[in-house]
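Notes to accompany the following structure.
No lab work stands behind these numbers, since they all come straight from the coordinates. Predicted model, so just to flag it, every value in this text is computed and none were measured. All Cβ positions, glycine included, derive from the backbone under ideal geometry; neighbour counts span all protein chains shown.
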């Protein structure tokens, strides 16, 4: 992070200096007292389960030269104390102030599924020609995004920023810190429908990423998505990518897929602009790839440079990670789950060797609210039509997967429900056969990586 002066920070957060320890410059921003370094500004964030004000003393002992606080009774004479009404808002105001120091292009990405993969693909492509800052891990929310912006350095040439949300207004807050030049929406699914109630509300929440776009800016959208394909604007340019939609800026055709990769041609209008390959499976990943190809072209990368970036892309942990464990193969996709990503993962399992026994181990899709039963029954029914031999389910809604699968004609002895990871692991101990292919997928809260670890370690 570039250094900022104390007075600069006070103005940016609209705070009051209530104790002056005569510090002048800040060299870093921190909200975790365990990670404070000498010269940092410590911002005392109040969370549901913690209050940063309780750790001010520790932060100063660790080297913090200033603190932003909202409780004047927590002031400490050993560092500059800046009082604000709300420390989270102050973090966000300061991040926006810092972002304005950089005139580089900013790309913002959201969507119900695929946003992390798309972010990583875009960054991998752009990194063939530019010095890129990208969101790391799950730093895509009201706290993580500001901390990402503070990682900007003078050498960065492009920033690729992921934006997550669970309710209306959240992406609006994020996008007003970033003011992107290009805003990407991957799709509109059912993730967070428990909070928002309808898919239309999810669409409205995701669409907030377009709020700050203006002349010379681009909205890059999935043209095969029923909600996104109708977006047009006179304020900014709209570009759609896809496979089946009409009026697509980039269109994938001549698709060839197998269990490990997908290849396709890309058309721009009536012109074929090249053949591309992704070293990961699934039609759904073509959409992610098209987003990266479009942005690569926009920033003047050659076809060869774009393909090199796609080749160097590596999925984030626990996302469509396919590996061999002894005589079996495992599709590890346990980072999270919603109906769209579940369908996509099941298609990948279906495309594996026909001679292999295919087993789906599916955990709950959480945060589905009133849609929970219907969504799990539908996925179970989908499994029954995919040529999958065995369905093992886990969690509160596991019986609904089973109900859907059996309604679709799957035999009872090939559909089993469990209540814990340990029960699944115990069953697998005597169940596994050489040549099996396992898909393990469920929401983050189920911690299904325990099953993945068992499958990996038994080899």
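Starting from the Cα gyration tensor of region 1-88, take the square roots of the eigenvalues, sort them a ≥ b ≥ c, and report rounded, prolate or oblate (rounded when a/c is under 1.5, otherwise prolate if a/b is larger than b/c, else oblate). Note, shape of region 1-88 comes out rounded.
Listed by Cβ neighbour count within 10 Å, with the fewest neighbours leading, 171, 322, 202, 107 appear as 322, 202, 171, 107. Compute the distance from the alpha-carbon center of region 192-259 to that of region 84-156, in whole Å. First find each Cα centre; the distance between them is then 21 Å. Contact order for the chain, expressed relative to its length and based on alpha carbon pairs under 8 Å spaced 6+ residues apart, stands at 11 percent.
Gyration tensor analysis over the Cα atoms of region 321-457 returns equivalent ellipsoid semi-axes of 21, 16, 14 Å (largest first, whole Å). Calculated FRET efficiency, residue 373 to residue 268, Cβ-Cβ distance, R0 = 51 Å: about 0.70 to the nearest 0.05.
Stretching residue 283 away from residue 444 to a fully extended chain increases their span by 55.6 nm, per 0.36 nm per residue minus the current alpha-carbon distance. Projected label points at residue 78 and residue 226, each 7 Å from Cα along the beta carbon direction, are separated by 6.1 nanometres. The slack between residue 414 and residue 100, meaning 0.36 nm per residue of separation minus the straight C-alpha distance, is 107.3 nm. Taking P(r) over Cα pairs in 20 Å bins from 0, in percent as calculated from this structure, the corresponding entry among [x] 23, 52, 22, 3, 0; [y] 23, 49, 25, 2; [z] 17, 43, 25, 11, 4, 0 is [y]. In percent, rounded to a whole number, the relative contact order of region 362-419 is 39, using alpha-carbon pairs under 8 Å and six or more apart. Residues 372, 398, 253, arranged from fewest to most other Cβ atoms within 10 angstrom of their Cβ, appear as 253, 372, 398.
Packing here is the average count of other Cβ atoms within 10 Å per residue, and on that basis the peptides 183-189, 215-221, highest first, run 183-189, 215-221. Every helix of 4 or more DSSP H residues in the chain counts as -39500 (n - 2.57), and over all residues that averages to -9500 deg cm²/dmol at 222 nm.
Peptides 307-318, 342-353 ranked from most to least packed, by the mean per-residue count of other Cβ atoms within 10 Å: 342-353, 307-318. Straightening the chain between residue 48 and residue 247 buys 67.0 nm, computed as 0.36 nm per residue apart minus the Cα-Cα spacing. Each of 320, 1, 291 was scored by other Cβ atoms within 10 Å of its Cβ. Arranged with the fewest first, they read 1, 320, 291.
Evaluate the distance, in nm, between pseudo-label points positioned 7 Å from the Cα of residue 312 and of residue 58 along their respective Cα→Cβ axes. Result for the modelled spin labels: 3.9 nm.
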